[in-house]
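The values are calculated or read from the model by the stated rules, or taken from the named source; none is laboratory data. Predicted, not measured: the structure shown is a model, and the values here were computed from it. Cβ atoms come from the backbone with ideal geometry, glycine included; neighbour counts cover every protein chain shown.
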């Protein structure tokens, strides 16, 4: 082989050497999140750090391309703080996996010293395409989550607000206000909760009921 | 024939090398193009915040590449609305307007440039629209009580309303441009900025968001909306018009960008007494809730103007053509039929009639 051939051949190897690790890496990390529904929920006492870590995680492309929804709510009471990752409709057991995404999630969890019981923590959530089925009905008062209701738990829920009681009717993944002890009863006229993103607001009671 | 200048095996080597290089090149092109696309597509976050202000719920949705900056911008925008509420609300004793209402008949009251500007513009609207928009409706709104926790629950007293109408006229307000003071020419006059302050607050909140580098957002202040830029998926924001008699349904939706969509409806605050519906949008000339409309929507780039025009359209009904020149409007009249102009018809996606 003359010098020219050698250069060409070595160039080929060099190029291959640059690409193969990439291919290998992409084969190893089998978790592909692009375009799929996901929900990454962190209950923490350190909001600033958690926001930074989640933002880094998302901008690294670990949550796929496209826009991501973000929500933030304080929760009242002592709550177990943790990091929960749901993909599609399945809870991901990232603590026992060793792919890229799982390793990074474990790192975030460690940096936030989770899991841990926290007084009045904040719940941060990154999510995409929350789908058409309601996973949880959240009740917030003055911007703080006071209770979480499973959409399958049919029944009347009595919520106590500033100007009296509000009775929430939950049935078959559907929620509406049955009655309220306020003057205008605007919340009763407001549309019901049928899909994630829907909400009901009772202004005098300062209650905000929304579905995820 | 004999090819002597290139041995067979050498052709094979060159061919192998060549095809190999092509493959590598193709592969690398694919990989690099993937990388380029990945870099171009910036991850954006969509987030919302809501707060009870000005007697209604304000909800801001923001699309931004940084969670922290987006959150910060929403926080300052809500704070700006709160600040405006603390200037313009006459349900709080500590506000500037409450001070004006108590003192402007006794002595001229010096106003901050902001409130002076807002009142000046309100009076301009009154002059422009023959007093059908009027900020001196304070005595009337107090009587009906829709903005307080105690709305009227008995048949309205016609005689009392006639009495109160004597205090309702924008001409009782005198502004002095030399020292920016306000004085009332009649005792008992009371300003209620409820008809304009929400629009002003929406405009100010939009400005705060823009100054903080957020250009894609939607602010909803109890039915009045300002949409700026695009949604996270790159499409335009979609704003719906509610069915006034069935709030679960939308009668129309429209895609909007950098504009306000303001709606006045008789379904937000009302009381049914002896089978008759009394709502919170009054005709300042009669003192009674304006009949003839169920809801009115206008699309205007400035929300302050938008909230005024939607109310005028609601009150004036049939005479809307007089003052809406080329502004898209959508009105549902007292009988439930839809009246809209050509500009609006082009904007609307559903519910064309």
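Numerical summary
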| read-out | value |
| --- | --- |
| Checking residue B:353 against (1) within 26 Å of residue B:200 (Cβ to Cβ); (2) at pLDDT below 90; (3) touching a strand residue (DSSP E or B) at 6+ places or on another chain (Cβ under 8 Å), the condition it does not meet | (1) |
| Residue in region A:142-159 that is within 13 Å of another protein chain (Cβ to nearest Cβ) and buried (at least 21 other Cβ atoms within 10 Å of the Cβ) present | no |
| Enumeration of residues in region B:258-294 that are part of a strand (DSSP E or B), out of contact with any helix residue (DSSP H, G or I) (no Cβ under 7 Å at 6 or more places or on another chain) and away from chain A (no Cβ under 14 Å) | B:259, B:261, B:276, B:289 |
| Meets criteria (more than 26 Å from residue B:81 (Cβ to Cβ) and either more than 19 Å from the chain's Cα centre (by Cα) or in contact (Cβ under 8 Å) with a residue 12 or more places away in the chain (or both)) for residue B:312 | no |
| Candidate set from region A:110-122 (those that are under 15 Å from residue A:49 (Cβ atoms) and out of contact with any helix residue (DSSP H, G or I) (no Cβ under 8 Å at 6 or more places or on another chain)); member that is surrounded by the most Cβ atoms within 10 Å (Cβ to Cβ) | A:121 |
| Residues being crowded, with 23+ Cβ neighbours inside 10 Å and either closer than 19 Å to residue B:200 by Cα or more than 24 Å from the chain's Cα centre (by Cα) (or both) - total across region B:276-295 | 0 |
| Number of positions in region B:67-82 that are surrounded by fewer than 18 Cβ atoms within 10 Å (Cβ to Cβ) and touching a strand residue (DSSP E or B) at 6+ places or on another chain (Cβ under 8 Å) | 2 |
| Checking residue B:62 against (1) at pLDDT below 95; (2) within 10 Å of chain A (Cβ to nearest Cβ), the condition it does not meet | (1) |
